[in-house]
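To keep things clear, I will list the structure first and then write my remarks on it.
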Amino acid sequence: MILSGKEVSAAVYSRIESQIASLSEKHSVTPGLAVVLVGEDPASQSYVNSKAKKCEKLGIYSEKHVLDTDTSQADVLALIDTLNNKPEINGILVQSPQPPQIDERAIIDAINPQKDVDCFHPVNVGKMLIGDEDGFVPCTPAGVMEILAHYEIETQGKHAVVLGRSNIVGKPMCALLSRKGKYANCTVTMCHSRTQNLNEICLQADIIIAATGIPEMVRGDMVKDDVVIIDVGINRVDDASDKRGYRLVGDVAFDEVEPKASAITPVPGGVGPMTIAMLLQNTIRAACQQNSIALESL
Ligand code: NAD
């Protein structure tokens, strides 16, 4: 079975649309998202533009703040302070990577945790770990959990192997899969660049979440029959036959692994489309919390 992020994100957007309509009709609230970009990284600009475009389409108020590459740390902090205190803004996202004079950690720490829709602030990371529903869940791992739930993948008691230990994917992925609850309750093994016997560990996995950024590193002989594969990787590899000169591949060798897998996400069209959808879902959650509205009542 192909796990289509296009299909799941469409379901999330349709839920979001009805929540936005209900927020407006019942409460006269319009959710607002501010996206901050320091510098001119073309990939970041394209991410920021697609986030702003999606907001416009759905009726979410959005602000795009593009600052010069040489902007000082103090000026970025001053902008965060303004956004923290602006009632129209419910969510703040600072796009990575940032130029070297910017201390990314200090910027994240300065965001009001209630507006930290990326879930990078230590308060929200802590809340996610203890299962406090008041916080946020980081967007890409939240997207993976949404895919598992949408396709009703049985996860209880299964051995999930997560490849990667980054703060934005690997670590939160392990925390969410091992939580109590439906589409969680996994036994989790976290693997990383220093893991020994990776093939042996992967062969024991019922579910593999690949987030290493290494193109097609999970091969057919590393997985057992009926494995569930979630491929978070998005990598460009040279391809002269493609008019762009490259194609996108995941961290999993799809053609080798797909025949053995019971379910697998493709790249592109798998986890990729989920991230912005979950960011906007977090923005609506933030708007509800800041206006004392129960999200479930919408
Ligand atoms: P990262 O570079 O921060 O982390 C990579 C991780 O892989 C590290 O923790 C490292 O220890 C681990 N690793 C490296 N070599 C390994 C090996 N041989 N075996 C096991 N683990 C190994 O990357 P990231 O930000 O977590 O992103 C991972 C991938 O996911 C990238 O391809 C990225 O483009 C993609 N990504 C996709 C989305 C999305 O929206 N779908 C969002 C974020 C990241």
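The values are calculated or read from the model by the stated rules, or taken from the named source; none is laboratory data. From a predicted model like this one, the values you see are computed outputs, not experimental measurements. Reconstructed Cβ throughout: ideal geometry from the backbone, glycine too, with neighbour counts over all protein chains shown. Accessible surface is based on the protein model in full, side chains and every heavy atom, while ligands, DNA and RNA are left aside. Shrake-Rupley method; radii C 1.70, N 1.55, O 1.52, S 1.80 Å.
Structural remarks
- Qualifying residue in the range 228-237 (condition: free of Cβ contacts under 8 Å to residues at least 60 places away in the same chain and more than 13 Å from V267 (Cβ to Cβ)): no
- For first residues located in the range 129-140 and without any contact (Cβ under 8 Å) to a residue 24 or more places away in the chain, partners that are open to solvent by 30 Å² or more (accessible area, probe 1.4 Å) and lie 6+ apart or on another chain with Cβ distances below 6 Å form the pairs G135/K127.
- Of all residues in the range 207-261, those being open to solvent by 70 Å² or more (accessible area, probe 1.4 Å), farther than 15 Å from G272 by Cβ and part of a strand (DSSP E or B) number 1.
For (1) part of a helix (DSSP H, G or I); (2) within 25 Å of E258 (Cβ to Cβ); (3) more than 15 Å from the ligand (Cβ to nearest atom), each residue gets a yes or a no:
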{"site": "S166", "(1), (2), (3)": "no, no, no"}
{"site": "M173", "(1), (2), (3)": "yes, yes, no"}
{"site": "K180", "(1), (2), (3)": "no, no, yes"}
{"site": "Y183", "(1), (2), (3)": "no, yes, yes"}
{"site": "V188", "(1), (2), (3)": "no, yes, no"}
{"site": "R194", "(1), (2), (3)": "no, no, no"}
{"site": "N199", "(1), (2), (3)": "yes, yes, no"}
{"site": "A205", "(1), (2), (3)": "no, yes, no"}
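- Taking every residue in the range 270-285 that is among the polar types (S, T, N, Q) and pairing it with any residue that is in a helix (DSSP H, G or I), at least 6 positions away or on another chain, the pairs with Cβ-Cβ distances below 7 Å are T275/C139; T275/T140; T275/G143; Q281/V12; Q281/I16; N282/C139.
- Scanning the range 270-281 for residues that are in contact with a Gly (Cβ under 6 Å, 6 or more places away or on another chain) and either more than 9 Å from the ligand (Cβ to nearest atom) or open to solvent by less than 30 Å² (accessible area, probe 1.4 Å) (or both) yields a total of 4.
- Hits in the range 143-164 - residues which are of a type in the set (D, E, K, R) and within 15 Å of the ligand (Cβ to nearest atom): E146
- Enumeration of residues in the range 1-23 that are open to solvent by 60 Å² or more (accessible area, probe 1.4 Å) and either touching a residue at least 12 places away in the same chain (Cβ under 8 Å) or in contact with a Pro (Cβ under 9 Å, 6 or more places away or on another chain) (or both): M1, I2, K6, E7, R15, E17, S18
- Scope the range 62-81; condition open to solvent by 50 Å² or more (accessible area, probe 1.4 Å) and within 15 Å of D116 (Cα to Cα); matching residues: L77, D81
- Residue within the range 112-123 that is surrounded by fewer than 18 Cβ atoms within 10 Å (Cβ to Cβ), at negative phi and modelled with pLDDT under 95 present: no
- Taking the listed residues S50, S62, the one that is among the polar types (S, T, N, Q) and under 14 Å from T275 (Cα atoms) is S50, with no other qualifying.
- Test for E40: is it out of contact with any helix residue (DSSP H, G or I) (no Cβ under 9 Å at 6 or more places or on another chain) and either in a loop (DSSP other than H, G, I, E, B) or not basic (K, R) (or both): yes
- The set of residues in the range 217-245 that are within 11 Å of the ligand (Cβ to nearest atom) and not hydrophobic (A, V, I, L, M, F, W, C) comprises D231, G233, N235, R236.
- Residues (under 19 Å from M278 (Cα atoms) and buried (at least 21 other Cβ atoms within 10 Å of the Cβ)) located in the range 141-169: P141, A142, G143, V144, M145, E146, I147, L148, V169
- Qualifying residue in the range 85-92 (condition: farther than 27 Å from G126 by Cβ and either surrounded by fewer than 20 Cβ atoms within 10 Å (Cβ to Cβ) or at pLDDT below 95 (or both)): yes
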